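Engineer: Handing you a structure now.
The values are calculated or read from the model by the stated rules, or taken from the named source; none is laboratory data. This one's a predicted model, so the numbers in the text were calculated from it and none came from an experiment. Cβ placement follows ideal geometry from the backbone for every residue including glycine, while neighbour counts extend to all protein chains displayed. To get the accessible areas, we keep the full protein, side chains included, count just its heavy atoms, and leave off ligands, DNA and RNA. Shrake-Rupley method; radii C 1.70, N 1.55, O 1.52, S 1.80 Å.
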Amino acid sequence: MSPKTLYDKIWDAHVAHEDADGTCLLYIDRHLVHEVTSPQAFEGLRMAGRQVRAPEKTIAVPDHNVPTTIGRENPDQMPEDSRIQVAALDKNAKDFGIHYYPVSDVRQGIVHIVGPEQGWTLPGMTVVCGDSHTATHGAFGSLAHGIGTSEVEHVLATQTLIQKKSKNMKVEITGKLRPGVTAKDITLSVIGKTGTAGGTGYVIEYCGEAIRDLSMEGRMTVCNMAIEGGARAGLIAPDEKTFEYVKGRPHAPKGAAWEAALTYWKTLFSDDDAHWDKVITIKGEDIAPVVTWGTSPEDVLPITDVVPAPESFSGGKVGAAQRALEYMGLTAGQRLQDIEIDTVFIGSCTNGRIEDLRAAADVVKGKKVKDGLRAMVVPGSGLVRAQAEEEGLADIFKEAGFEWRMAGCSMCLAMNPDQLAPGERCAATSNRNFEGRQGRGGRTHLMSPAMAAAAALTGKLTDVRELM
Amino acid sequence: MEKFDKLSGIAAPMPLVNIDTDMIIPKQFLKTIKRSGLGVNLFDEMRYDDNGDEIADFVLNKPAYRDAQILVAGDNFGCGSSREHAPWALLDFGIRCVISTSFADIFYNNCFKNGILPIVLPQEAVDVLMKDAEKGANARIEVDLENQSVTSSDGEVFNFEIDSFKKHCLLNGLDDIGLTMKKAASIDAFEAKAQAERPWA
Ligand code: SF4
């Protein structure tokens, strides 16, 4: 047999039909659904008189639009249009018989945090969701990617997707990370190097010692942002850490099924002489704590750097950088560490897991949020929130002056009332710094949870290493 | 889905790179449970000021481009979120074709599900068409899917590549789900085999 990459192996194991021109029907093992990108898909099914083909493989949870304030189960707390969308998901889940975690359920949370937490995401699977950050699940060695609403409807009706195979790209992070450097810095640095279109047409496999050393949480952070690099998906070969994380989760296999699964999962790695269409190697020790300065995730620099001059770029990027500086209210040459912020947001599917909250709590413990600054922690799921309370992290945050919220997407995309005002500047652990992403005119700097926590204390973008 | 074969229309120039789906349709308009009616909010934050009044400078607000059916844009158009509201909004406004040097993967796929043709051309060709688009209503660009060509107002012809299956579906306005359901036997067979080999999934 010819050598294969991990992506090749998962792909080959899921082709249900192949046309002469290479167009395939890819079988989907897990379909995750949320309230914003699904209503039109269910409406389409109803109009065509179709059923959900595999309701037992379909999981729904409202997350994008839900308030994250205490007492939110009360429908009066939701704006009318959000309430309609959440009610539509309630109804669709019930009518079509799919697994559902309503707002009132402690297991509710951001769909990409709930899937792994509940053991729905397993190595070697194909996982899709009407959300681009589905790439997160690739951390388990599954092929996971975002789809549009028409495709959501297609998967609901047929449990397959029409796909052509992508190319293989290897991103290797060698050696060890330096102190203060996290998974978020890895993934942002990769995008800084490849650009937001660098991965277009590829599925990325992240590998190398620095990736192996990451926890499952960290690996999810890395894969989460594969889409920001343009890739269809990002994945990491499963290992003992993966198996350890999955074991015992509510929907993970048990007993003999577990043993059989494990035997299979251990075959999921890229063969030594597999073919790569593109390879990128970064030394772990070369990665610094980074922040973004512009309005694209590729606008990333070490915190010790200065705001770049638009003329230092080429092509269309010159204009884009000019526009970004104007939007962000920054001047070329300004020290990143001198940039003052108004808001800190810790949360999202990139960095809303327990380990992220631990890292942030570590920095703020016994200290106070800078006067006048708004700082919030939004756990990625109800279970993350409960665990953080049990570990005393919630108290650390509250004593420092952070708001302690309920689970959801919140200010990552600001569909609910958690928004930036025009001109407000935010240190955020989420994944997109697009214009208006966190509220019209809002300015977003992306960074790791530890860096965001440090910024909350000083009121400026801050090198967390100075507080360590 | 509406068929796409030929189109002759006004093209609006948007020379910006990395136009993301948040720009195309900001999230406050994702709360709808319908596909239609999003055209008025296309590029909302670039198109209207804080009072909701039109920003005269924005290309689609200029008289010459109000009826544009084509967009000519910079690199990496449609990056970011998977929201299909982006093509829905474009379509609702009347855009049937977007021309760029590259598109983000999910957006590109979403276009085809909605009868919009995304065309990838080399930089030099996009530069020519961008200049053409700047002439507004004085220049019409012609798109011919069957022959995979774009013709500038000066008659310069650029050929583009497109996946044969996607082309077939768009030309005939075919519904993917109906097509796939004809292959139900393959899916059934695959499911039975997968169930035996990987019962935990
Ligand atoms: S947290 Fe942000 S990126 Fe993640 S699913 Fe929610 S909105 Fe999307």
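Engineer: Which of the helices in chain A meet the span-like rule: DSSP H, Cα axial reach of 27 Å or more, Kyte-Doolittle mean at least 0.5?
Structural biologist: Within chain A not a single helix satisfies the rule.
Engineer: May I pose another question? Taking a probe of 1.4 Å, how large is the accessible area per residue of chain A, in Å²?
Structural biologist: Counting only protein heavy atoms, the per-residue value for chain A is 32 Å².
Engineer: Each residue of segment A:271-288 in order: what ³J(HN,Hα) in whole Hz does its phi give by Karplus 6.51 cos²θ - 1.76 cosθ + 1.60, θ = phi - 60°, with x for Gly and Pro?
Structural biologist: 3J(HN,Hα) across segment A:271-288, in whole Hz: 5, 3, 9, 4, 8, 10, 7, 7, 10, 10, 10, 10, 7, x, 6, 7, 8, 10.
Engineer: Something else: Over all Cα pairs of segment A:1-93, how is the pair count split among 5 Å bins, expressed in % and running from 0 up to the last occupied bin?
Structural biologist: The distribution over segment A:1-93 is 2, 11, 16, 16, 14, 12, 11, 7, 6, 4, 2, 1, 0, given as percents.
Engineer: Would you list A:GLU259, B:GLU191, A:GLU391 from the most to the least accessible area, probe 1.4 Å?
Structural biologist: Values: A:GLU259 105, B:GLU191 50, A:GLU391 80 Å².
Result, largest first: A:GLU259, A:GLU391, B:GLU191.
Engineer: Per residue of segment A:198-215, in order, report the coupling 6.51 cos²θ - 1.76 cosθ + 1.60 (Karplus, θ = phi - 60°) as ³J(HN,Hα) in whole Hz, putting x for Gly and Pro.
Structural biologist: Coupling constants for segment A:198-215: x, x, 4, x, 10, 10, 9, 10, 8, 8, x, 4, 5, 6, 4, 5, 6, 6 Hz.
Engineer: At a 1.4 Å probe, which residues in segment B:90-120 are at least 30 Å² less accessible with all protein chains present than in their chain isolated?
Structural biologist: Residues losing area: B:ASP105, B:ILE106, B:ASN109, B:LYS113.
Engineer: Over its Cα atoms, what ratio of radius of gyration to 2.2 N^0.38 Å does segment A:157-244 give?
Structural biologist: 1.14
Engineer: Helix-only mean residue ellipticity at 222 nm, chain A, DSSP H runs n ≥ 4 weighted -39,500 (n - 2.57), per residue, nearest 500. What is it?
Structural biologist: So the helix-based figure for chain A works out to -9000 deg cm²/dmol.
Engineer: Please compute one quarter of the surface area of the Cα convex hull for segment A:330-414 and express it in square nanometres.
Structural biologist: That works out to 6.3 nm², a quarter of the Cα hull's surface.
Engineer: Now for a different question. To one decimal place, what Kirkwood hydrodynamic radius in Å is obtained for segment A:52-167 from all pairs of distinct Cα atoms?
Structural biologist: 15.2
Engineer: Quick check: convex hull of the Cα atoms in segment A:291-333, volume per residue, rounded to a whole Å³?
Structural biologist: Details: hull volume 2.8 nm³, N = 43.
Output value, Cα hull per residue: 64 Å³.
Engineer: Also, quick follow-up: Report P(r) for segment A:316-371: all Cα-Cα distances, bin width 5 Å, range 0 to the bin holding the largest distance, values in whole percent.
Structural biologist: 4, 12, 16, 16, 16, 15, 13, 6, 1, 0
Engineer: Could you list the square roots of 5 times each eigenvalue of the Cα gyration tensor of segment A:406-461, that is, the equivalent ellipsoid semi-axes, sorted largest first and rounded to whole Å?
Structural biologist: Over the Cα atoms of segment A:406-461, the ellipsoid semi-axes are 18, 13, 10 Å.
Engineer: Would you please give the residues with an amide H less than 5 Å from that of B:CYS97, counting only those at least 5 places away or on a separate chain, with H modeled from the backbone geometry?
Structural biologist: For B:CYS97, whose amide H was placed from the backbone, the distant partners under 5 Å are B:LEU71, B:LEU117.
Engineer: Divide by every residue of chain B the summed helix terms, -39500 (n - 2.57) for each DSSP H run of at least 4, and state the resulting mean residue ellipticity at 222 nm, rounded to the nearest 500 deg cm²/dmol.
Structural biologist: -8500 deg cm²/dmol
Engineer: Name the residues of segment B:141-175, by number, that are at least 10 Å² less accessible with every protein chain in place than in the isolated chain; the surface is that of heavy atoms, probe 1.4 Å, without ligands or nucleic acids.
Structural biologist: B:ASP163, B:SER164, B:PHE165, B:ASP175
Engineer: Please give the Cα centre distance for segment B:1-64 versus segment A:422-468, rounded to the nearest Å.
Structural biologist: Segment B:1-64 and segment A:422-468 have Cα centres separated by 29 Å.
Engineer: Can you give the accessible area of A:TYR100 in Å² (nearest 10), computed on protein heavy atoms with a 1.4 Å probe?
Structural biologist: Roll a 1.4 Å probe over it and A:TYR100 shows about 50 Å².
Engineer: List the residues of segment B:182-201 whose backbone N lies under 19 Å from a point placed 7 Å from the Cα of A:THR267 along the Cα-to-Cβ direction.
Structural biologist: Taking a point 7 Å out along Cα→Cβ of A:THR267, the residues of segment B:182-201 whose backbone N falls under 19 Å are B:190-201.
Engineer: In peptide B:11-20, how many Cβ atoms from other protein chains are near each Cβ within 10 Å, on average?
Structural biologist: Across B:11-20, the average partner-chain Cβ count within 10 Å equals 4.
Engineer: Separate question: Just the number, please: carbon plus sulfur as a percent of the accessible area of the protein assembly as shown, 1.4 Å probe, no ligands or DNA/RNA counted.
Structural biologist: Ligands and nucleic acids excluded, carbon and sulfur give 50 percent.
Engineer: While we're on this one: Give me the extension gain from A:GLN334 to A:ALA20: residue separation times 0.36 nm, minus the current Cα-Cα distance, reported in nm with one decimal.
Structural biologist: Length gained, A:GLN334 through A:ALA20: 107.4 nm.
Engineer: A:LYS94: which lysines have alpha carbons under 16 Å from its alpha carbon, excluding same-chain residues fewer than 8 sequence positions away?
Structural biologist: Excluding near neighbours in sequence, the set is A:LYS57.
Engineer: How many times 2.2 N^0.38 Å is the alpha carbon radius of gyration of the protein assembly as shown?
Structural biologist: That works out to 0.91 for the protein assembly as shown.
Engineer: Here's something else I'd like to know. Work out the mean other chain Cβ neighbour count within 10 Å for the residues of A:154-162 and drop it here as an integer.
Structural biologist: Partner Cβ neighbours, averaged per residue: 5.
Engineer: When a/c is below 1.5 the answer is rounded, else prolate if a/b is larger than b/c, else oblate, so apply that to segment A:321-468 with a ≥ b ≥ c taken from the square roots of the Cα gyration tensor eigenvalues.
Structural biologist: oblate
Engineer: Quick one: check the C-alpha center-to-center distance for segment A:125-163 versus segment B:98-135, whole angstrom.
Structural biologist: Here the two parts' Cα centres lie 25 Å apart.
Engineer: Please compute how much accessible surface disappears when B pairs with A, both sides summed, using a 1.4 Å probe, and round it to the nearest 100 Å².
Structural biologist: 5300
Engineer: Which value in Å does the Kirkwood hydrodynamic radius of segment A:108-228 take, with 1/r averaged over all unlike C-alpha pairs and then inverted?
Structural biologist: 15.1
Engineer: Separate question: Considering only protein heavy atoms, what per residue accessible area in square angstrom results for segment B:6-174 with a 1.4 angstrom probe?
Structural biologist: Result: 37 Å² per residue.
Engineer: On to the next question. Can you compute the radius of gyration and Dmax for segment B:6-174, using only the Cα atoms, both in Å?
Structural biologist: Considering segment B:6-174 through its Cα atoms, Rg and Dmax are 15.0, 46 Å.
Engineer: Heavy-atom accessible surface, probe 1.4 Å, ligands and DNA/RNA ignored: which residues of segment B:22-51 lose at least 50 Å² versus the isolated chain?
Structural biologist: Residues losing area: B:ASP22, B:LYS27, B:LYS31, B:ILE33, B:ARG35, B:GLU45.
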